[in-house]
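Participant: Take this structure first; my questions come after.
The values are calculated or read from the model by the stated rules, or taken from the named source; none is laboratory data. Computed from a predicted structure; not experimentally measured. Here Cβ is always computed from backbone atoms with ideal geometry, including for glycine, and neighbour counts include all displayed protein chains.
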Amino acid sequence: MIEETTTTEDNPVAETPAETTAETTVLGSTESDNQDWKSTLSDDLKNDPTLSNFKDVESLAKTVVHQQKVLGSRMPIPKTDEEKLEVYNKLGRPETADKYEVSIPNDYQSYIPEQNLNEFKNVAHKIGLNNEQVKALVDYQINTINYEMENQPAQIEASRIESEKTLKEEWGYNYDKNVSKAKRALQVYGDPEIMELMNTEAGNHPAVIKMFARLGEDVTEDMARNTQNNSLAVSPLDAQDEITSIYDDPEHAYHDPKHRDHAAAVERVRQLHEKVFPS
């Protein structure tokens, strides 16, 4: 009797798929947890490229926590006026404009009057500046004033040279004569404010010099000297015109001894006579 031999070919042993083997090894699952942690997510999240950067739940959690801390420390971009005010206050803006702690040194108060400073504070408060920003802007303005003061003599000298060049080209040989006329007119017609102005760049402007030269056409050296010795800021010609005007006006206080301004009018006429007829 022939015995039947069973071979593996007759009853092949089912091969265990590699993926099944990987799950049932002695040491447990050999699959990486990198895939397991996303298995419970929906397909749209599971396949999102962003999650490919995280190897496990812990790394994802750390990133989320860090981002929340960063976002919590940042101020959102303000969209409304109320939100803008809140941001300004957080950045150090004082409660009111008068709370800015800035002051102007005494030497600069004529350049930056208190009224101007207060107006600046109001604008600064409106646009949300803090005290450090306001102080920095005031310091900048003071530094600008310093620069202009330090360079003013050089600027005046430069304008004098340029004006002299322009007038010499226009007047030619009459330059010295016309400048003398302008000086005489300035002595006769220039009051203290005009004299002060002439010490600035305005005194070097060709148009100003030409104007005084035209006025000086009828001003003599004697008239100029008399004007210098008289406290009245008028020329003898103007003084004579004023005397005539007073004499021709019967209602002027000069003609009415009972008028409250009579004494002042009499003194004015006396000074005008001294201007016209100097002793």
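Participant: Could you look through region 187-230, keep only residues that are outside any helix (DSSP H, G or I) and either crowded, with 18+ Cβ neighbours inside 10 Å or not polar (S, T, N, Q) (or both), and pick out the one that is modelled with the highest pLDDT?
Facilitator: Step one: list which residues in region 187-230 are outside any helix (DSSP H, G or I), which gives 190-191, 199-200, 205, 219-220, 229-230.
Then keep just the ones that are either crowded, with 18+ Cβ neighbours inside 10 Å or not polar (S, T, N, Q) (or both); that gives 190-191, 205, 219, 230.
Working: G190: 74, D191: 72, H205: 92, V219: 71, N230: 55.
Of everything passing the filter in region 187-230, H205 is modelled with the highest pLDDT.
Participant: Separate question: Which pairs do you get when a residue that is assigned by TED's automatic domain parsing to the domain that holds L117 and surrounded by fewer than 17 Cβ atoms within 10 Å (Cβ to Cβ), found in region 94-106, comes within reach of a residue that is of a type in the set (S, T, N, Q) and part of a helix (DSSP H, G or I), reach meaning Cβ atoms under 7 angstrom, with the pair 6+ apart or on two chains?
Facilitator: Going by the 7 Å Cβ cut-off, the qualifying pairs are E101/N131.
Listed here are the residues, each with its yes/no results for (1) in contact (Cβ under 8 Å) with a residue 60 or more places away in the chain; (2) outside any helix (DSSP H, G or I); (3) surrounded by 13 or more Cβ atoms within 10 Å (Cβ to Cβ).
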site: I112; (1), (2), (3): no, yes, yes
site: G128; (1), (2), (3): no, yes, yes
site: I142; (1), (2), (3): no, no, yes
site: N151; (1), (2), (3): no, no, no
site: E157; (1), (2), (3): no, no, no
site: L167; (1), (2), (3): no, no, yes
site: Y175; (1), (2), (3): no, no, yes
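Participant: Which members of region 116-131 meet the condition of being more than 23 Å from D81 (Cα to Cα) and either outside the structural domain of V87 (by TED's automatic domain parsing) or of a type outside the set (A, V, I, L, M) (or both)? Step through it out loud before you land on a result.
Facilitator: Step one: filter region 116-131 for residues more than 23 Å from D81 (Cα to Cα), giving 116-118.
Within region 116-131, N116, N118 meet the criteria.
Participant: Now for a different question. Would you mind stating whether K79 is closer than 30 Å to W37 by Cβ and either over 25 Å from the mean Cα position of the chain (by Cα) or in a helix (DSSP H, G or I) (or both)? Break it down into steps so the answer makes sense when it comes.
Facilitator: On the way: closer than 30 Å to W37 by Cβ: no; either over 25 Å from the mean Cα position of the chain (by Cα) or in a helix (DSSP H, G or I) (or both): yes.
No: the conditions fail for K79.
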